[in-house]
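The values are calculated or read from the model by the stated rules, or taken from the named source; none is laboratory data. In this text the structure is predicted, and so the values were computed from the model without any measurement. Heads up, the Cβs are rebuilt from the backbone with ideal geometry, glycines too, and the neighbour counts pull from every protein chain shown. All accessible areas refer to the heavy atoms of the entire protein, side chains included, with ligands and DNA or RNA removed. Shrake-Rupley method; radii C 1.70, N 1.55, O 1.52, S 1.80 Å.
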Amino acid sequence: CALPICQAPVVLAIEKLLPLLWPAFGFIGFYLALALTGLFAFIPWPLQALLLAATITAAGLSLVDGFENFRWPRAIDAARRLERDNGLLHRPISEHGDRMVGADPFAEELWRLHQARSLPDRLRLTPPRTRLAERDPKGLRWYLLIVVAAGLVMARGDTWPRLVSAFESGAAANATIDAWVDPPPYTGLPLFSLHP
């Protein structure tokens, strides 16, 4: 298929999905930005766990709310988008597969003329219009970018360990394993411990 015709459904999907994903990405992004600053090294695990649970809950509820009436764009929607972007008033893309009903010679001739209209040599497709400003009227997404950038600067080489620390209590790092082997009685060997 022609490139703009293939891209139109993707553009429509981005337009629909980004505003629905924004609140969830916002909650998760602010939580990860806190992790990048190293704050979780100084607060007790129960408080961090409560913050993590609140973040997951808020993100999940915002996704449920956003996707409640979501529908994937259909092929007809993509065709109509291309027609609007190119000023094609007679819908030559979306009505390309239509067939005449009836046997009126005049109508059939008009229909043939309509189908014979050539499309422009190049179809243009405008970039996605996400309407994020409607979903985020206070512009919190810009603050999120600033906070994440500041967290990355503060984390420097510790970026990955700090992100991992956002989801663990730190108890695993201090955990020890005590293991021992009890040889069979016929060996006459005493019980001995295994050290990692």
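Quick notes
- Evaluation of P137 against (1) open to solvent by 70 Å² or more (accessible area, probe 1.4 Å); (2) more than 30 Å from L17 (Cβ to Cβ); (3) at pLDDT 80 or above (one fails), failing number: (2)
- Restricting attention to region 60-89, the residues being among the hydrophobic types (A, V, I, L, M, F, W, C) and open to solvent by less than 30 Å² (accessible area, probe 1.4 Å) number 3.
- Scanning region 1-12 for residues that are surrounded by fewer than 15 Cβ atoms within 10 Å (Cβ to Cβ) and in a helix (DSSP H, G or I), we see that the one that is modelled with the highest pLDDT is V10.
- Candidate set: region 107-128, residues that are of a type in the set (D, E, K, R) and surrounded by 10 or more Cβ atoms within 10 Å (Cβ to Cβ); chosen: the one modelled with the lowest pLDDT: R112
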